[in-house]
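Visitor: One structure is given below, represented as structure tokens, and several questions about it will come after.
Quick note: the coordinates plus some simple rules give every number you see, no bench work behind them. Just so it is clear, the model here is predicted, and its values are computed rather than measured. Because the Cβ atoms are built from the backbone with ideal geometry, glycine has one as well, and the counts that use them run over all protein chains shown.
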Amino acid sequence: MTPSQPPTPPPEDAVRPHVYDGIQEYDKRLPNWWLYTLYIMIVFWVGYWAYYEWFRAGPTDVQGVELALTRIETQKLASNTKLDDATLWQMSRTPAFVEAGRATFAANCVACHLPSLRGKSENPSAIGPDLTDQIWIHGGKPTEVHALITQGVLAKGMPTWGPVLGQKKISEVVAYVLSKHHEGEPITIDPAAPATPAAATP
Ligand code: HEC
């Protein structure tokens with residue numbers, strides 16, 4: 001066998017001066033695809049790091065998981081057709097419902113109950129009663145509040161919202177009102193309230 005000759009390098013690739021264990025290397029330029037991948041990674045890294053670490057704009061892993069769980073919980077509640085006190089309390093602790101309810105309240109209820117929900121307690125010339133205190137005219141259980149908003153008290157100037165808003169928006173607005181309350185807090189019936197609560201009238 002004839003000893004094989006080392007391949008002659010292309011003229012542009014100089015041989016680097018060092019030798020290790022008899023091995024020499026060409027001074028080869030890195031291929032463009034490799035270099036561009038590196039540059040793109042560097043640019044991406046700066047953006048990624050800035051987004052998550054400097055500005056903390058993106059959710060952390062923990063927040064991401066919590067967000068996903070909230071979304072699942074929200075969907076479960078939204079598809080729950082049986083509305084009971086427990087479901088409404090749970091909705092009132094779920095930001096998606098409270099936020100939606102806040103918007104409905106701002107569009108329909110603030111004229112009488114004021115943006116603070118405090119109505120007459122804040123401004124005696126307001127039409128609607130305070131919805132944040134523990135004194136209720138028509139009962140403070142979530143289902144009672146829901147029924148009252150649905151039916152209204154026309155004689156006293158509280159409109160009938162059932163046909164206007166529909167079931168979903170009323171549940172959300174109840175969640176918003178309840179978000180100003182705590183489950184298990186005392187419910188006092190206004191001593192000046194009429195004997196028959198409106199929620200019980202057809
Ligand atoms: C035109 C004025 C007006 C608007 C608008 C209005 N309300 Fe009322 N609301 C009243 C009045 C007046 C009462 C008190 C009824 C009574 O004395 O029986 C009341 C009572 C209530 C009660 C019962 C409070 C209790 O102590 O039992 C709830 C709950 C309520 N409103 C929620 C709402 C929501 C939610 C909206 C918006 C979707 C809304 N109201 C819009 C005037 C209004």
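Visitor: Which is farthest toward the positive dipole end of the chain among Thr60, Val174, Val19, measuring Cα position about the Cα centre, with Cβ charges +1 (Lys, Arg) and -1 (Asp, Glu)?
Guide: The residue sitting farthest along the positive end of the dipole is Val174.
Visitor: Would you work out the charge dipole size for the stretch 19-124 about its Cα centre, treating the Cβ of every Lys and Arg as +1 and the Cβ of every Asp and Glu as -1, and quote it to the nearest 20 debye?
Guide: In debye, rounded to 20, the stretch 19-124 gives about 580.
Visitor: Continuing with the same structure: Over the stretch 65-200, what portion of Cα pair distances is larger than 27 Å, expressed as a whole percent?
Guide: Every Cα pair in the stretch 65-200 considered, those over 27 Å come to 16 percent.
Visitor: Work from the charge dipole of the stretch 65-200 (Cβ charges, +1 for Lys and Arg, -1 for Asp and Glu, about the Cα centre) and give the residue of His138, Ala126, Val164 farthest towards its positive end.
Guide: After comparing all options, I get Val164.
Visitor: Compute the angle between helix 32-49 and the longest alpha-carbon principal axis of the chain, please, reported from 0 to 90 degrees and rounded to the nearest 10.
Guide: That works out to roughly 30 degrees.
Visitor: Taking loop as defined by DSSP and a crowding limit of 10 other beta carbons within 10 Å, which trypsin sites (Lys or Arg not before Pro) in the stretch 58-99 fit?
Guide: Lys82
Visitor: List the residues, sorted by chain then number, that are 5 or more residues from Val153 or on another chain and whose placed amide H is less than 5 Å from its amide H.
Guide: Met158
Visitor: Report the far tail of the P(r) of the stretch 9-58, meaning the percent of Cα-Cα pairs longer than 16 Å.
Guide: 63
Visitor: In the neighborhood of Ile187, defined by Cβ-to-Cβ distances under 10 Å, what is the net charge if each Lys or Arg adds +1 and each Asp or Glu adds -1?
Guide: -1
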